[in-house]
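The values are calculated or read from the model by the stated rules, or taken from the named source; none is laboratory data. Note that this is a predicted model, so its numbers are computed, not measured. Every residue, glycine as well, gets a Cβ built from its backbone with ideal geometry; the counts of neighbours run over all protein chains shown.
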Amino acid sequence: MRKFILFLLLLALGIAGWIAYTLYAPYRGFEAPGVFVDIPKGASERSIARLLASQGAVRNEWTFLLLCRYHSRRRPEAGEYYFTSPESAFQVFDTLAAGKVYEISVTIPEGFNSFQIGSLLEEKGFTTRDEFVEATHNTSNIRDIAPGAPTVEGFLFPATYQFPRHVTPQQIISAMTDHFRQEWSALAAANPVTDGRTTLQIVTLASLVESETPKVEERPIIAGVFMNRLRRNMPLGCDPTVVYALEKVGHYSGILTVADLRVDSPYNTYRFAGLPPGPIANPGDTSLRAALQPAAVAYLYFVADTEGGHLFGKTLEEHNRNVARYHRLLAQKSIRSPSVPQEQKRP
């Protein structure tokens, strides 16, 4: 009888030791560099344990199931996970229970338009450029704050995002427009608009400002110049709007020509006075703030200064002097004059 009891005791100890080993000892049953495990929504704990064991992420499905049952208040979250190194069953469980799904980081620079964002997302493997651009025509995410917007262009807030591998274009857009709402709420509250402009008009102006200058300190001034032109019903003469018009129809060659300035598009601010139908890029917070509160300046013109900034003029005569100065600066730097320099902008 004693031998039998000893046998049972040793057996229990052996089973306990084996269970402890399967739970605590790091395990890697997959080949380098790693393995993706996709946990479906609504999957049972048993099916999750079986899936993890079959993919080599845990040593034994039954002991992992016991672990799940023991931690009944914490449940593995659905999503795709990526395992690269040996981990204990406890570590795997903690990863799933915390929902640490595999995500890819992508940074959207300020001033990128939907075409550039689409190309960047395609490079990252999320979607194709065309699929993303097509998805931007669904404006349901911003219809309440910008009911007249032709697309979600301008409302895709530039920032760093984390997306799973199998994210859809609409999910990406939702994340970016949600971020815009957060930023816009704070900016609009701190910079109340008193001139009756709509959110769409302000964001459109901000996109022009963002596209015209990289200098933060110039953005309120550029916004002020554009507002002055709008009040006088003068064409804005903004080169980036023409580029955008050409990009929309796939005709932009990378160089803006004089002939391009005649393109028949409502986005062409050389041919049509007023703001374009919608934003031409996705502005950051500094450009949005500048559009909310343009500087009170008397300028109507600006031209590049060859240093990344601009020279501003109140009159056409002053502007022409700035143009001449621009050419002198170009000559001094031995820089070839662009095909359509900003000094060609006229009211």
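Details
- Scanning the stretch 262-278 for residues that are under 16 Å from H137 (Cβ atoms) and either in contact with a Lys or Arg (Cβ under 9 Å, 6 or more places away or on another chain) or among the polar types (S, T, N, Q) (or both) yields a single hit, Y267.
- Any hit, the stretch 61-70, residues being touching a Phe, Trp or Tyr at 6+ places or on another chain (Cβ under 6 Å) and among the β-branched types (V, I, T): no
- The lone exception for E343 - which of (1) among the charged types (D, E, K, R); (2) at pLDDT below 85; (3) exposed (fewer than 15 other Cβ atoms within 10 Å of the Cβ) it fails: (3)
- Any hit, the stretch 126-139, residues being assigned by TED's automatic domain parsing to the domain that holds A291 and under 30 Å from V58 (Cα atoms): yes
- When the stretch 178-211 is filtered for residues that are among the basic types (K, R) and in a helix (DSSP H, G or I), only R181 remains.
- In this structure, W18 does not satisfy being assigned to a helix (DSSP H, G or I), at pLDDT 90 or above and not small (G, A, S).
- Test: N282 is buried (at least 17 other Cβ atoms within 10 Å of the Cβ) and either in a loop (DSSP other than H, G, I, E, B) or under 25 Å from the mean Cα position of the chain (by Cα) (or both): yes
- For first residues located in the stretch 169-197 and over 18 Å from T136 (Cβ atoms), partners that are outside any helix (DSSP H, G or I) and lie 6+ apart or on another chain with Cβ distances below 7 Å form the pairs E183/F157; N191/Q293.
- Count of the stretch 239-255 residues which are buried (at least 20 other Cβ atoms within 10 Å of the Cβ) and touching a residue at least 60 places away in the same chain (Cβ under 8 Å): 2
- Which listed residue is surrounded by fewer than 14 Cβ atoms within 10 Å (Cβ to Cβ), charged (D, E, K, R) and outside the structural domain of Y267 (by TED's automatic domain parsing), from R69, R143, R59: R69
- Condition broken by E122, with the remaining ones in (1) acidic (D, E); (2) under 22 Å from the mean Cα position of the chain (by Cα); (3) not in a helix (DSSP H, G or I) satisfied: (3)
- Within the stretch 87-107, being of a type in the set (D, E), over 16 Å from A175 (Cβ atoms) and not in a strand (DSSP E or B) holds for one residue alone: D94.
- The set of residues from the stretch 285-328 being free of Cβ contacts under 8 Å to residues at least 40 places away in the same chain, out of contact with any Phe, Trp or Tyr (no Cβ under 8 Å at 6 or more places or on another chain) and in a helix (DSSP H, G or I) comprises E317, N320, R321, V323, A324, R325, Y326, H327, R328.
- Among the residues listed as P240, P214, the single one being within 22 Å of the chain's Cα centre (by Cα) and either among the hydrophobic types (A, V, I, L, M, F, W, C) or part of a loop (DSSP other than H, G, I, E, B) (or both): P214
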